[in-house]
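The values are calculated or read from the model by the stated rules, or taken from the named source; none is laboratory data. This structure is a prediction, so every number in the text was calculated from the model and none was measured. Because the Cβ atoms are built from the backbone with ideal geometry, glycine has one as well, and the counts that use them run over all protein chains shown.
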Amino acid sequence: RDGTTSTIPPTPADMADAWEADIRTVREAWSHFLQNDFATAESLFRRGMGEATSAAAAVEVAAEPDAEEDDESPSDDRVERRDTRGAFALQYALVGLLRGVSTLSDEQLPECKSRLWHADALASLDTDWVGKRVVRGVCTLCAGIVHCLQREPVRGVFHILRSWRWLRSLKTEALEYRGVGCEVVRSSALLGLGGFALVLSLLPPHLVRAAAYTTGFEVDRAAGLAMLRTCVREGGIYAP
């Protein structure tokens, strides 16, 4: 031995095991949330945000992302390149959003919005695969909803429509995804697409028409509700 330390890179099997461990953590966290143990749920999600593998050591988070940013790049679906911090951060943000909506607490909405943009910033560091687009789409959609709850309808609708930039690919990519983590990707896609359709259907008629024209998405409330019911029925990550 020469006293040096060699680093053995993780194998695909190691990364698949790590992914399954992340899934168990997520399910455990949501179980605590449903038992009103919010502190433990948030602690588990924060732990996932800090422990997930990442090529970046730190993230600078703006109040809101640049509307002109473009993360279009060749798809790279290697499990060992994935960074799941954004996914954990999104669920940490969703806990805050659900708590704020359930208690009708206006004070919690700015914190929810901050968490969502932080999750989006973390997700932007991930390798380009369908899971990244799911997380960024749901982050932006939920941030738009928070703006609407804060009585900022123009900015809210802007971000809701902007979320389609990522959600538009989910029908063809995420719902039929067969790679590692397919059960998470599909559940998240059903939540994102169903939520997008449902939220748009609640807008005033002239905004619904504008949204349909802008995105090319057929605003169908029944289809959105059907996707959300399917999400629950299939028992995926977001079934609760």
Looking at the range 24-43 only, could you name the residues that are out of contact with any Phe, Trp or Tyr (no Cβ under 9 Å at 6 or more places or on another chain), of a type outside the set (A, V, I, L, M) and over 17 Å from GLY236 (Cβ atoms)? GLN35, ASN36, ASP37, PHE38, SER43
So, in the range 165-184, of the ones that are in a helix (DSSP H, G or I) and modelled with pLDDT under 85, which residue ends up surrounded by the most Cβ atoms within 10 Å (Cβ to Cβ)? LEU167
Please work out which one of (1) surrounded by fewer than 18 Cβ atoms within 10 Å (Cβ to Cβ); (2) modelled with pLDDT of 80 or more; (3) under 30 Å from ASN36 (Cβ atoms); (4) aliphatic (A, V, I, L, M) is the condition VAL134 fails and give its number. (1)
Is there a residue in the range 144-154 that is surrounded by fewer than 20 Cβ atoms within 10 Å (Cβ to Cβ), at pLDDT 85 or above, more than 15 Å from LEU90 (Cα to Cα) and acidic (Asp, Glu)? yes
Looking for something at pLDDT 85 or above and surrounded by 15 or more Cβ atoms within 10 Å (Cβ to Cβ) - is there at least one such residue anywhere in the range 67-86? yes
Restricted to the range 202-240, and to residues that are of a type in the set (A, V, I, L, M, F, W, C), within 26 Å of PRO153 (Cβ to Cβ) and modelled with pLDDT of 75 or more, which residue is surrounded by the most Cβ atoms within 10 Å (Cβ to Cβ)? MET227
Just for the range 111-131: of the residues that are touching a residue at least 60 places away in the same chain (Cβ under 8 Å) and part of a helix (DSSP H, G or I), which one is surrounded by the fewest Cβ atoms within 10 Å (Cβ to Cβ)? ALA121
Quick count over the range 178-196, residues being under 20 Å from ALA223 (Cβ atoms) and touching a residue at least 40 places away in the same chain (Cβ under 8 Å), is 10
Is it the case that VAL134 is of a type outside the set (Phe, Trp, Tyr) and under 24 Å from GLY48 (Cα atoms)? yes
